[in-house]
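Working notes, beginning with the structure itself.
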């Protein structure tokens with residue numbers, strides 16, 4: 001049994017999100033939530049909300065026991081870049097790219113149905 005939660009288009013670069021995602025991959029959900037709660041990174045707060053959503057989905061939709069859940073897969077993929085412009089010398093302009101990403105977390109009990 002595996003249940004997922006997805007957050008799309010979050011204002012976080014995929015590279016920074018993957019730093020946090022690598023820390024919780026494969027952990028039991030209680031340890032993962034504890035690690036995310038005390039991490040100072042911006043991505044930790046965002047990933048914690050998505051993980052809590054995945055746990056709630058597993059509990060409500062599948063009737064899973066929360067104590068046995070683990071983070072089975074976690075993906076942080078690059079999404080569209082927001083294009084912004086800033087003024088430069090001699091009437092020119094420069095592009096500023098504000099990165100976004102998609103986050104997908106799957107939790108499961110490790111048993112195959």
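Descriptive notes on the structure:
- Test: residue in the range 38-60 that is surrounded by fewer than 19 Cβ atoms within 10 Å (Cβ to Cβ) and on the phi > 0 side of the Ramachandran plot: no
- Checking residue 96 against (1) touching a helix residue (DSSP H, G or I) at 6+ places or on another chain (Cβ under 8 Å); (2) in a strand (DSSP E or B), the condition it does not meet: (1)
- Checking each residue in the range 98-113 for being touching a residue at least 12 places away in the same chain (Cβ under 8 Å) and surrounded by fewer than 10 Cβ atoms within 10 Å (Cβ to Cβ) picks out 111, 113.
- Only one of the numbered conditions (1) surrounded by fewer than 14 Cβ atoms within 10 Å (Cβ to Cβ); (2) in contact (Cβ under 8 Å) with a residue 24 or more places away in the chain; (3) at negative phi is not met by residue 26, and that is (3).
- Filtering the range 1-18 to residues that are in contact with a strand residue (DSSP E or B) (Cβ under 6 Å, 6 or more places away or on another chain), part of a loop (DSSP other than H, G, I, E, B) and more than 16 Å from residue 106 (Cα to Cα) leaves only 12.
- Qualifying positions in the range 40-69 - at pLDDT below 95 and not in a helix (DSSP H, G or I): 63, 64, 65, 69
- Flag if residue 21 is in contact with a strand residue (DSSP E or B) (Cβ under 6 Å, 6 or more places away or on another chain), over 25 Å from residue 81 (Cβ atoms) and assigned to a helix (DSSP H, G or I): no
- Residue 18 vs. criteria touching a helix residue (DSSP H, G or I) at 6+ places or on another chain (Cβ under 9 Å) and in contact (Cβ under 8 Å) with a residue 24 or more places away in the chain: yes
Residue-by-condition table, conditions (1) closer than 15 Å to residue 110 by Cα; (2) in contact with a helix residue (DSSP H, G or I) (Cβ under 7 Å, 6 or more places away or on another chain); (3) without any contact (Cβ under 8 Å) to a residue 40 or more places away in the chain:
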{"residue": "34", "(1), (2), (3)": "no, no, yes"}
{"residue": "38", "(1), (2), (3)": "no, no, yes"}
{"residue": "47", "(1), (2), (3)": "no, yes, no"}
{"residue": "50", "(1), (2), (3)": "no, no, no"}
{"residue": "62", "(1), (2), (3)": "yes, no, no"}
{"residue": "84", "(1), (2), (3)": "no, no, yes"}
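The values are calculated or read from the model by the stated rules, or taken from the named source; none is laboratory data. Only a predicted model underlies this, so the values are computations on that prediction, with no experimental measurement involved. Ideal geometry is used to build each Cβ from the backbone, glycine not excepted, and the neighbour counts take in all protein chains shown.
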